[in-house]
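The values are calculated or read from the model by the stated rules, or taken from the named source; none is laboratory data. Note that the structure is predicted; figures quoted are calculated from it, not measured. Don't worry about glycine lacking a Cβ; one is built from the backbone with ideal geometry, like all the others, and counts go over all protein chains shown.
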Amino acid sequence: MSVDPHLSCLAGTIVHDGVVPARAPWLHHVTKGQTLRIVDLEGNQAVDFLLYSAADDTERYSAQDTVAAQNNLFLRQGTVLRSNEGRPMMTIAATSVEYHDTIGGACSCESNTLRYGHHTKSQHACVENFLEANLLEGRGKRDMVSNINFFMNVPVEEDGALGIVDGISAPGLSVDLRAEMDVIVVVSNCPQINNPCNAFNPTPVRMIVAE
Amino acid sequence: MTEALSNPLAARDHARGQAGTVVEAMPILPPVANDLPADVQADAILWEETIAAGGYASRRLPRGGRLRLIDLKGDACASMLIFNAEMPTERLNVADTVKIQWNAYLGAGKLLLSDMGRVLISILEDGAATHDTFCGTSNAASNSAKYGNGANSGPTPNGRDRFLLGVAKHGLQRRDVHPCVNLFKGTRIEADGAITPQIGPFEPGRSVILRAEMEVIIVIANCPHVLDPREDWTVTPLRATAWRGPITAEDDAIRNATPEGLRAFQNVEDYFRR
């Protein structure tokens, strides 16, 4: 039997293992104590990521609470992903990419018209994925907040200049997230083709949950 | 005292006796300000209020309305939410605001963008230059840990719970409290991502003038910045003055400053094409 390198160092029993196609949404409930591993199968693929508390989905991931609590913009190994009430939702237990972004937000049809021009209005976008997935459980536009972009690189320069630049991910790199409460994970496998976040070529990612 | 207020009419007289009391933090009705810009008519004023240290306010502003905020004593922190008043599911998107303008530091000429690709507010004048798009505001947990109490009913209220009350006054709910911007208290980002807060205290009287590009609801909480390093909960009153103004013209310098910003204005103009 061959060894699956994507399962290396992932303890426990695997309770979910699937591939999210390029450009697609993904919604999954992860219970406290379980670990979600996201594998960037082909490299340089941004994974837009939101979290809601399963017990009360008005409590949700807060990028601002997360970065303020750790006095740092970048999400690294050990970063606690915090809710809008300051509570730990998940912890980055391991990452083979140095850091991840949480200030760049999600692409939308509307923001694409500003960034690139009105010719991009009809292109698929992360907010479309987030809405489609959230609507399945009664959440909607009011539930959209600043998200995480795993495997995405957004440096901030001395004068405040920032931008999405070439990824620091590579094929097979991964991030492990340990749930600190029962959470609803909503993902958009980013379909953006107008900037370097997906190397201009959206690709699939693999989601593995172990407990 | 209790004896004298033992019947409704006495209680009424006691209540009415408070009329005309002036305190530091209060709205002025009808609004009046003796320091409006020279080109603003006195009858254009819409709102004059001093927001208490630890207090909050919310207000609907017309398209073209100007809002001047003054940090009266150097320790105000204006944490702000913004909604499209006629469709509040459209609101400030802090991530789009920094990403689309290719810059995270707010100042004169910068835009506060909605999640629908439109500009809600533009910054006309900035006498402060210390603002923050990253850290959001305090919550009950952070204020409890830092000051021992974070409740609205306590001595050291937190920004998030002030926002909850502010949005509720417009029929909105917990899920409507979105990521905010902070005016007057700033942050700077180091190369390794570290956040350096700029807390002051600053010289009194610094001001910011905003222009509403759509009809908006703004909610302001005036609580200490979440990364304020001081042990004591420290914040001072914030003055808000608003007046009517012209809708942004096609030749406006801020409207035309960048291609991304111009498209945000064009999206606003398209929204109002009705």
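Just to be sure before I move on: is A:Leu73 within 13 Å of chain B (Cβ to nearest Cβ) and crowded, with 18+ Cβ neighbours inside 10 Å in the structure I sent?
Yes; evaluated as a whole, the condition is true for this residue.
Please count how many residues of the stretch A:193-211 are in a loop (DSSP other than H, G, I, E, B) and out of contact with any Asp or Glu (no Cβ under 9 Å at 6 or more places or on another chain).
Qualifying residue count, the stretch A:193-211: 6.
Please go through the stretch B:11-36 and pick out each residue that is surrounded by 13 or more Cβ atoms within 10 Å (Cβ to Cβ) and either out of contact with any Gly (no Cβ under 8 Å at 6 or more places or on another chain) or part of a strand (DSSP E or B) (or both).
B:Met26, B:Pro27, B:Ile28, B:Pro31, B:Ala33, B:Leu36
Among the residues of the stretch A:18-42, what is the count of those that are part of a loop (DSSP other than H, G, I, E, B) and surrounded by 17 or more Cβ atoms within 10 Å (Cβ to Cβ)?
Within the stretch A:18-42, residues that are part of a loop (DSSP other than H, G, I, E, B) and surrounded by 17 or more Cβ atoms within 10 Å (Cβ to Cβ) number 6.
Are any of the residues in the stretch B:49-56 buried (at least 19 other Cβ atoms within 10 Å of the Cβ) and either in contact with a Gly (Cβ under 7 Å, 6 or more places away or on another chain) or under 30 Å from A:Asn149 (Cα atoms) (or both)?
Looking for residues that are buried (at least 19 other Cβ atoms within 10 Å of the Cβ) and either in contact with a Gly (Cβ under 7 Å, 6 or more places away or on another chain) or under 30 Å from A:Asn149 (Cα atoms) (or both), one finds at least one in the stretch B:49-56, hence yes.
Yes/no matrix, rows are residues, columns are (1) in contact with an Asp or Glu (Cβ under 6 Å, 6 or more places away or on another chain); (2) closer than 19 Å to B:Ala76 by Cβ; (3) not basic (Lys, Arg):
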site: B:Arg118; (1), (2), (3): no, no, no
site: B:Lys146; (1), (2), (3): no, yes, no
site: B:Lys169; (1), (2), (3): no, no, no
site: B:Arg175; (1), (2), (3): yes, no, no
site: B:Gly186; (1), (2), (3): yes, yes, yes
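Against the definition (aliphatic (A, V, I, L, M), part of a loop (DSSP other than H, G, I, E, B) and within 13 Å of chain B (Cβ to nearest Cβ)), how does A:Ala106 come out, yes or no?
Answer is yes for this residue.
All but one of (1) small (Gly, Ala, Ser); (2) closer than 22 Å to B:Ile195 by Cα; (3) without any contact (Cβ under 8 Å) to a residue 60 or more places away in the chain hold for A:Ser62, so report the exception by its number.
Failing condition for A:Ser62: (3).
Out of everything in the stretch A:189-205 that is over 19 Å from A:Ser122 (Cα atoms) and modelled with pLDDT of 90 or more, what residue ends up being surrounded by the fewest Cβ atoms within 10 Å (Cβ to Cβ)?
Here the answer is A:Pro204.
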